[in-house]
Each structure stands twice: as structure tokens, then as C-alpha cells.
Amino acid sequence: RELTADGRVYFYNRATGASQWHIPTELYTSKCLEKQKGKLLEEDLAKMPGSARAVLGVDCVTEVSGKPKTTLADDLKSSVFSKLAHGPRTIGEESKPEPIILPQPAFQITILSARGLRDTDFMPGKDKSDPYCIFEIVGKPEVAFKTQVISDCLEPIWNYTQIVPAYSSGDVIVLTVLDFDESPQANINAEIMGDTSFFKSGDALLGRAMLSEDDLDFEALDAQEFRLDESGKGTKAYISVQVRMLSAWPEFIGKPLHDVVFEIERACPDFNVVVLEIADRGSKVVSWDIEHRKSGYTGSFFGVYAEAAARLKENDTIDVEGKQFHVSHIDGPGTPDPADPDKMIVYLHVKEDIEGFLADGTSWKKVTKVVDQSFHHDRICVYFEPLTKLVTEIPRVG
């Protein structure tokens, strides 16, 4: 440690060979940062040490012998910029990229329609069968599902699509078409027989098809039609389906929409990711007051359940029995439904006038965006629920 003639305190480390000095406070001002009238600062006192204190916020500068100052500065800049380019780091831990989640092969079936079904209702000619179809895989009861019921129809069109990740080579598919029976006696029979809640024993069998892997054409662009066995004496009934093996992400069901889209775009950067709101299943016009319940609604508003209205925002399109209207606003907080106090009724206002009257029970639904049904090798569809923003269907290529 030495005190130099110009006021610097000089230190020399005999072990490392480094030299270090402190500069008095009054000498810290640099010519490059501040000009003092009538006074010229000495170059060796102000330029480097003064800049260091003012810009870097340090009280001393260490000089390592053996390299020119310019080389040390260049090395320091390179090191700092290199670390900044790689983002923040945790001490003692190297940052590793998250693994990319690749799609898996997944079986998709569309149960399209049936024809030639027999009429099993009690009074032929007055009423017809109400068919629906059950999908099952032999030995895998957990994957079973059923289509919607089509009332009073012997040639139903379901167009029901489902992805079945559990399907594998060698599986046998069973398609069972039944006539839905909602009579009280059918329910009593189901209870007596100890039937499952999946379908009632009172539902009459309209036909069944068992399909092996050899029966299915995964490359077919058109529907495949199969004869239904056990369809009734003298009856020739058929069912049409379309199958395809897709690339899909079954693990993304129930995940936040933004996370799913991010991961899919990482896995397939060259694909077009299409985000779609799930189709609205529809709701009914309802009333809490006697006047509207008796006379219906006219003008530009009608009563709806609050849970159905929560899906709507201004300018959304709704379909009311074939006529389209645009949402203006919702009146809340609502009034309890006299028939079901747990449900709240609010008023849905539209921007157009309603012709005639809307009675209680009139069907309406939100119109959601749909994509063309043709297969696209570079398109990935992601369906989500608008209230929770969670993915509700398996994202898949197509």
C-alpha cells in the first residue's frame, strides 16, 4: 500500500500480481461526463477511473498485469453480451429446454347414418323408432360411447365423431343400434333387470355390426357401409361409418388453451393451428314471470338461463329456430326460475326485432365457427370451452 504524489492510494497484491488503486472523491469527475469551467482535468486521473465510478458504480478499479486495457475491456464486453444473449441463469444450474410433446397415432370414427331400420314402436304408422348407436371395443368397456337420439326416424343421420386413443391393431369394434324408449315401463324394466345407466333394457335392438381391422379402410375418402345383423326378420338394415388414423395429443384434454397452442406450435411449427370454440348444444327460452310465460316475448329480448348467457358477448350470432340474431347485451343479475330456484333467468337483448312471439321452450343456440370437414394434412384443430378456456376435445391433425 502506497500513497502516490497525485493523491492515489495504490495497492499491490504479491500473491496474484494484481494492482489496485483508490482515487480521492474530488478527482472522480471525468472530462467525458462533465465539463468544468476554467479547469482542465488531468487525463490519467479522470478518464478511466472517473468513468468507472460514474457509469459502473464502483469505488475502485482492478488492473490485471499482462494485458493492455483495451484488450481487457473487449474481453469483458464479449463475456457480458454472451451471457445476456442466453437469458437469465440460476447459480449452479444450467438451463435446459423443455422437451417437445409430439403427437400420437389415434383412431377416429364418425358414425354417419343408418338406413332400413325397422319400426319397433308400439303403434306402427303413428310413431317411428327413435334410434341411437353405441360404440364399443371388445374387452375395453371404458371406451364405450353413444350418439344422440334421432326421434321418429328409420334412416337417422348422426354424424357423430369421436377419437378413441385406446384403439389398437387387432381390436374388434361393435356398433349396436337401439330404439330409445322413454316410457315409464322401460325404466321399471331396466331397474328390475339391474341394467347399467348406459342404456336401458327397454330399448329394442335394431341391429348390430362387429367390425375387425380387416373390415376397416383407413384411407377411404368416402363412407363405408356395413350390414346390420339381428335387424329383424325380413329387414335389411345398414350402418355407415368413416374411420381414420390421426396424429393427436390426447394428453392435452382439460389443459389451458394457451398452453396447448404453445406446445403444439413448438412441436409442429409449419402447421396451421386452428382454435375453435366447441359447438353450443343449445338452450331454451324461459320465463320467471306469469305474463311472459303465458304470452311469450316480443320486441328484441327474451329470457334465458344465466349459465347459457355466460357464453355470449356483444355481436355474437345466435340461432333461434332457424332465424339469426346478434347479441346486444345481457340484463342481470337475474331472477330464480320458479320451477328450479338453483337456476337464474336473465334477459338476452338482441340488435334485431323479433317477429311474432317467442314462447317458453323455444330452442336457441350460439352460432360457432366451423371448419370444412375435408381432411387437411397441415391443419391442427384445437377445441376449447369459452368459459373456462380449457381444451375439451383431443387436438388432432386434419
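The modelled label-to-label distance between T392 and F357, using points 7 Å beyond Cα along the C-beta direction, is 3.3 nm.
By how many nm would the segment from T335 to E307 grow when fully extended, if each residue of separation counts as 0.36 nm and the alpha-carbon distance is taken off?
So the extension gain works out to 8.8 nm.
Extending 7 Å from the Cα toward the beta-carbon at both D289 and E98 defines two label points whose distance is 5.1 nm. For E265 and E314, what is the calculated FRET efficiency with R₀ set at 25 Å and r taken between the beta-carbons, to the nearest 0.05? Calculated transfer efficiency: 0.25.
The label-point distance for N272 and K140, in a model that sets each label 7 Å from Cα toward Cβ, rounds to 3.1 nm.
Looking at the stretch 320-362, the accessible area is 61 square angstrom per residue; that uses a 1.4 Å probe and ignores ligands, DNA and RNA.
Label zone of T235 (point 7 Å out along Cα→Cβ, amide N under 20 Å): in the stretch 139-153 this covers 146-153.
When the label point is put 7 Å from the Cα of V370 along its Cα-to-beta-carbon vector, which residues of the stretch 129-163 have a backbone N closer than 19 Å? Only 147-151, 156-163 fall inside the zone, counting backbone N under 19 Å. In the full protein context, the stretch 227-279 carries 53 Å² of accessible surface per residue, based on a 1.4 Å probe and ignoring ligands, DNA and RNA.
Using the Cβ of E355 as centre and a radius below 12 Å, the other residues enclosed give a net charge of -2, where K and R count +1 and D and E count -1.
Distance from the alpha carbon centroid of the stretch 368-398 to that of the stretch 156-181 works out to 21 angstrom. Past the 26 Å Cα-Cα mark, which pairs from K255/K284; K146/K313; K146/K366; K128/K343; K140/K369? Too far apart for the 26 Å limit: K255/K284; K146/K313; K128/K343; K140/K369.
For the stretch 243-398, the share of accessible area belonging to carbon and sulfur comes to 53 percent (1.4 Å probe, ligands and nucleic acids excluded). Which residues in the stretch 130-151 place their backbone N less than 17 Å from a point set 7 Å from the Cα of S168 along the Cα-to-Cβ direction? Once the point is set 7 Å along Cα→Cβ of S168, 137-144 turn out to lie under 17 Å by backbone N, inside the stretch 130-151.
The values are calculated or read from the model by the stated rules, or taken from the named source; none is laboratory data. Just so it is clear, the model here is predicted, and its values are computed rather than measured. When we count neighbours, we look across all protein chains shown, and the Cβ atoms used for this are built from the backbone with ideal geometry, even at glycine. Remember, those area values only see protein heavy atoms, side chains included, never the ligands or the DNA or RNA. Shrake-Rupley method; radii C 1.70, N 1.55, O 1.52, S 1.80 Å.
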